[in-house]
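Report on one structure; see the data block that follows.
Only the coordinates and a few stated rules stand behind these numbers; no lab work does. Computed from a prediction, not measured in an experiment: that's the story for all the values here. Methodologically, a virtual Cβ is constructed for each residue, glycine included, from the backbone with ideal geometry; neighbour enumeration extends over all protein chains shown.
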Amino acid sequence: MKIDILTLFPESFAPFRESIISRAQKAGTIEINITNIRDFSRDKHKKCDDAPFGGGAGMLMSVQPIYDAVKSVLTKNSKVIFPTPAGKVYTSKIAQNLAKQEHLIFICGHYEGIDERLIQLFDAEELSIGDYVLTGGEIPAMVIVDSLLRFVPGVLSEGSLSEESFSNGLLEYPQYTRPQVFEGLAVPEVLVSGNHAEIAKWRKQASIEKTKKNRPDLLKGGEHED
Ligand code: 4GY
């Protein structure tokens, strides 16, 4: 999978040179390219913002530099993503579908946003990572890329996927490691019993309890009785 990220702040993607993502890049499973939108400004001062028609506070990103930046990476198999609080809420299910794409292009917005015609022209998918407003699209782009990579074959070690939160519609069960008693708190006895059937039962029940407490909205479907 190839991922192009278009941004006015390429330095903010420094964390991408670390950890899991760079390992996946080295393995050749994915390729991530960062493009500076400012390189596409035709203005003599490399200006990349402009006032909105209709007036109001703040500036928009100029349309031409973004248009040319997208054009410079676009192929017939590209899918363009625009992270915005005005988008459809991003979920693990959307991550799994994005992971099947050959090429993703992220437009990172800044200031008050981008010209709506860019959404139209590139049939961009508007995705929101949650109901709050950040100062730019870089962090949401990183969130989306980081979270979809686990669904690209070969990026995560096999097996680390299936028991995580959301894979079964429930939150992850509580986990414990050594020591068996810490600050007077003991690990649930069943987890040290060696009885794998009982452990699986306990984990399912604990997942349901955790979901009831933290995310009751996830239980609305009613599949998980108890
Ligand atoms: N929430 N989910 C989000 C965001 C910042 C101005 C457009 C979000 O996805 N993006 O808060 N983005 C804005 C800043 C330009 C993006």
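Ranked by the mean number of other Cβ atoms within 10 Å per residue, highest first, peptides 164-171, 182-189 order as 164-171, 182-189. Thinking of the range 64-135 as a set of Cα atoms, what percent of all their pairs are more than 20 Å apart? The calculated P(r) of the range 64-135 puts 29 percent of pairs beyond 20 Å. Sparse packing (at most 13 other Cβ atoms within 10 Å of the Cβ) combined with a DSSP loop state is found for the following chymotrypsin sites (Phe, Trp or Tyr not before Pro) in the range 30-116: Phe53. Expressed as a fraction of 2.2 N^0.38 Å, the value expected for a compact globular protein of N residues, the C-alpha radius of gyration of the range 1-97 is 1.27. Neighbour counts of other Cβ atoms within 10 Å put Met59, Met1 in the fewest-to-most order Met59, Met1. Pairs over the 19 Å Cα-Cα cut-off, from the set Lys88/Lys213; Lys76/Lys100; Lys47/Lys76: Lys88/Lys213; Lys47/Lys76. Residues whose amide H lies under 5 Å from that of Ile105, counting only those 5 or more places away or on a different chain, are Asp4, Lys79, Val80, Ile81; hydrogens are built 1.01 Å from N in the peptide plane. In summary, the lysines within cross-link reach of Lys212, defined as a Cα separation below 22 angstrom excluding same-chain residues under 8 places away, comprise Lys93, Lys201, Lys204, Lys220. The amide H of Ile34, built 1.01 Å from its N in the peptide plane, has Ile5 as neighbours under 5 Å, considering only residues 5 or more places off or on other chains. Pairwise Cα distances in the range 136-207 exceed 19 Å for 55 percent of all pairs. Rounded to whole numbers, the Karplus 3J(HN,Hα) couplings from phi for the range 195-205 are 8, 5, 5, 5, 5, 4, 5, 4, 5, 4, 5 Hz, using 6.51 cos²θ - 1.76 cosθ + 1.60 with θ = phi - 60°, and x at Gly and Pro. Sorted on the mean count of surrounding Cβ atoms within 10 Å across their residues, most packed first, peptides 172-178, 7-13 read 7-13, 172-178.
Counting only Cβ charges, +1 for Lys and Arg and -1 for Asp and Glu, the dipole size of the chain around its Cα centre is about 360 debye.
Across the range 116-130, coupling constants 3J(HN,Hα) worked out from phi with the 6.51/-1.76/1.60 Karplus curve, θ = phi - 60°, read 4, 5, 5, 4, 4, 4, 10, 6, 5, 8, 8, 10, 10, 8, x Hz, and Gly and Pro carry x. Across the alpha-carbon atoms of the chain, the computed radius of gyration and Dmax are 21.9, 71 angstrom.
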